[in-house]
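So the structure is just underneath, and the comments pick up after that.
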Amino acid sequence: MTDKKIIIIGGGVIGLGIGWQLAKAGAAVTIYERAEVGRAASWAAAGMLAPLAEAHSEEPELLKLGCESLDRYPQWTAELEADAEMSIGYRVEGTLIVGLEPDDTHQLRHIYEAQQHLRLDVNWLNGREARDLEAALSPRVTAAIHCASDYQVDNRRMVTALQRAYEGSGGVLHEKSGIERVVIKDGIANGVQAHGDFQEADIVILSAGCWSAQIAGIPDAILPPVRPVKGQMLALQMEEGIAISSVIRTVRARYPVPVYLVPRADGRLIVGATSEEMGFDTRLTVGGVFELLRGAWEAVPGVYELPILETWTGLRPGSRDNAPILGKTPIENLIYATGHYRNGILLTPITAYEIAKLILTGEISEIIAPFQLDRFLRQ
Ligand code: GLY
C-alpha cells in the first residue's frame with residue numbers, strides 16, 4: 001500500500017491502467033485528460049494482441065515485451081472484468097497472415113523463417129489449409145502463417161472497463177482538462193499547473209500518447225521523441241456466410257497497404273489500417289478507404305456485400321525507434337509511459353503492472369528496463 005499522490009497526464013488505456021493499479025494500492029491518483037477519456041488511439045485501435053504477427057527479428061526486446069504482456073492478458077482480463085463487472089471481449093481464436101500472390105508467398109516465407117528463428121509458435125499452411133480454418137478466405141490465398149497464440153481484445157470495451165475500474169477504486173478523472181505545464185523545481189517534478197492552479201504530486205506520469213512531446217514545463221532535450229502516425233480504419237457488419245473468427249492479416253508485396261480484418265463477437269468486422277506520416281491530420285481520405293476496402297475484398301471477397309458501419313482515423317504514438325518509452329527520466333519523480341505505437345493495447349497490461357510496481361517499489365523491472373528514455377539520450 002502507498003499514500004503517494006500521483007498525477008497522470010493522459011487518460012487513454014495506458015494512463016487509466018496505471019492509475020487503476022495505483023489507486024487499488026491506496027495512492028491518491030488524478031488523471032488529466034485533454035479531451036474525452038480513452039477516445040484517441042485507445043478507441044481507434046483494432047485490439048489485436050499480436051506480438052508474433054507484428055514481430056520483427058531486429059526488435060527482439062520489443063517481441064519479448066509483447067509476448068510477456070500477452071501472457072499477462074488472462075490475469076489482466078480476470079482482474080479488470082471483476083473490478084468493472086463487464087466483459088472486455090478477450091478472444092483467443094488466433095491470427096492468420098495470408099498471401100495472395102506468388103510474391104506475397106516469398107514475403108510470407110521470409111516472415112515465417114524469421115519467426116522460426118525466434119522460436120515462435122507458428123505454422124505454415126497452404127491455401128486449402130488456410131481456407132479450412134477460415135472458409136471466407138479468397139481462393140487466391142496461396143499460403144498463410146497461422147499464429148495460433150496472437151489474440152484480440154475489444155479495446156473500446158476495455159476503455160469503458162478501465163474507466164469504471166479506475167473510478168471504482170477511487171481514482172479522480174478530469175476530462176477536457178489538459179494541463180498547462182509540468183512544474184519542475186531543482187530537477188524534481190512536484191506537480192502540474194492546471195486550471196490556473198498548482199496541483200501538487202509526489203509523482204507525475206506522462207502517458208499522453210502522440211501529444212506527449214508537446215507538454216510544457218519539461219525541458220526540450222528530454223521530451224519523449226513521439227510523433228503521430230495516422231491510421232484510417234472502418235467497421236463492416238458481418239452477415240451469414242462471412243462469419244470470420246480469426247484475425248486475418250495480409251502481406252502485400254506489390255501494393256502499399258497490407259490490411260487486417262478483426263472480427264468482433266457483436267458481428268462488427270474491423271478493417272485497418274493505413275500508416276501515414278501526416279502530423280496531426282486526422283482526415284479520412286478516398287485513397288485510404290479505397291485501399292483498405294480493396295485489400296479486405298481481395299483477401300475476403302464476400303466483404304463486397306457487407307454494410308459499412310463506421311469509418312474513423314486515429315493517431316498512433318510512434319517513438320523514434322517505434323518502441324515504447326517506459327520508466328524514469330532525468331527529472332526525479334517524472335515517469336514516462338508513452339510511445340506505444342502499433343502495440344498500445346497489447347502492451348497495456350505490462351505497462352500498467354510494471355509502471356505501478358516501479359512507483360510502489362522504486363525498482364525498474366528487467367522487462368521494461370531496455371525501454372527507458374535514456375536510450376535516446378545516449379545517442
Ligand atoms: N496495431 C495495428 C495498427 O497499429 O494498425
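The values are calculated or read from the model by the stated rules, or taken from the named source; none is laboratory data. Note that this is a predicted model, so its numbers are computed, not measured. For neighbour counting, all protein chains shown are included, and Cβ atoms are generated from backbone atoms with ideal geometry for every residue, glycine included.
Within the range 118-150, the set of residues being assigned to a strand (DSSP E or B) and at pLDDT 95 or above comprises N123, W124, L125, N126, A143, A144, I145, H146. Each residue in the range 53-68 was checked for being more than 13 Å from the ligand (Cβ to nearest atom) and buried (at least 22 other Cβ atoms within 10 Å of the Cβ), and 1 pass. Taking the range 290-379 as the region of interest, the strands (runs of 3 or more DSSP E) fully inside it that hold 1 or more residues being within 16 Å of the ligand (Cβ to nearest atom) and not polar (S, T, N, Q) are 308-319.
Quick one: which residue in A46, A136 is surrounded by 15 or more Cβ atoms within 10 Å (Cβ to Cβ), in contact (Cβ under 8 Å) with a residue 60 or more places away in the chain and closer than 18 Å to M158 by Cα? Don't jump to the end; show me each part of the working.
Numbers: A136 fails: closer than 18 Å to M158 by Cα.
Matching residue, one of A46, A136: A46.
When the residues of the range 328-350 are filtered to those that are hydroxyl-bearing (S, T, Y) and under 14 Å from G11 (Cα atoms), which remaining residue is surrounded by the most Cβ atoms within 10 Å (Cβ to Cβ)?
So the first thing to find is which residues in the range 328-350 are hydroxyl-bearing (S, T, Y), and the list is 329, 336, 338, 341, 348.
Add one more test, that the residue is under 14 Å from G11 (Cα atoms), and what stays is 336, 338, 348.
Working: Y336: 26, T338: 31, T348: 29.
Only one residue tops the list, namely T338.
A quick yes/no check of all residues on (1) at pLDDT below 95; (2) hydrophobic (A, V, I, L, M, F, W, C); (3) part of a helix (DSSP H, G or I); (4) closer than 17 Å to I14 by Cβ:
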residue: R157; (1), (2), (3), (4): no, no, yes, yes
residue: E167; (1), (2), (3), (4): no, no, yes, yes
residue: V183; (1), (2), (3), (4): no, yes, no, no
residue: A189; (1), (2), (3), (4): no, yes, no, no
residue: F198; (1), (2), (3), (4): no, yes, no, no
residue: C210; (1), (2), (3), (4): no, yes, yes, yes
residue: A216; (1), (2), (3), (4): no, yes, no, no
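If you take the residues of the range 298-327 that are among the charged types (D, E, K, R) and under 19 Å from M48 (Cβ atoms), which of them is surrounded by the fewest Cβ atoms within 10 Å (Cβ to Cβ)?
Within the range 298-327, the first condition is being among the charged types (D, E, K, R), and the residues that meet it are 298, 305, 310, 316, 320-321.
This time we only want the ones that are under 19 Å from M48 (Cβ atoms), so: 310, 316.
On the way: E310: 11, R316: 25.
It comes out as E310.
Exactly one residue out of V182, V229 is over 24 Å from the mean Cα position of the chain (by Cα) and either among the hydroxyl-bearing types (S, T, Y) or buried (at least 17 other Cβ atoms within 10 Å of the Cβ) (or both): that is V182. Tallying residues that are of a type in the set (F, W, Y) and within 16 Å of the ligand (Cβ to nearest atom) within the range 2-50 yields 1.
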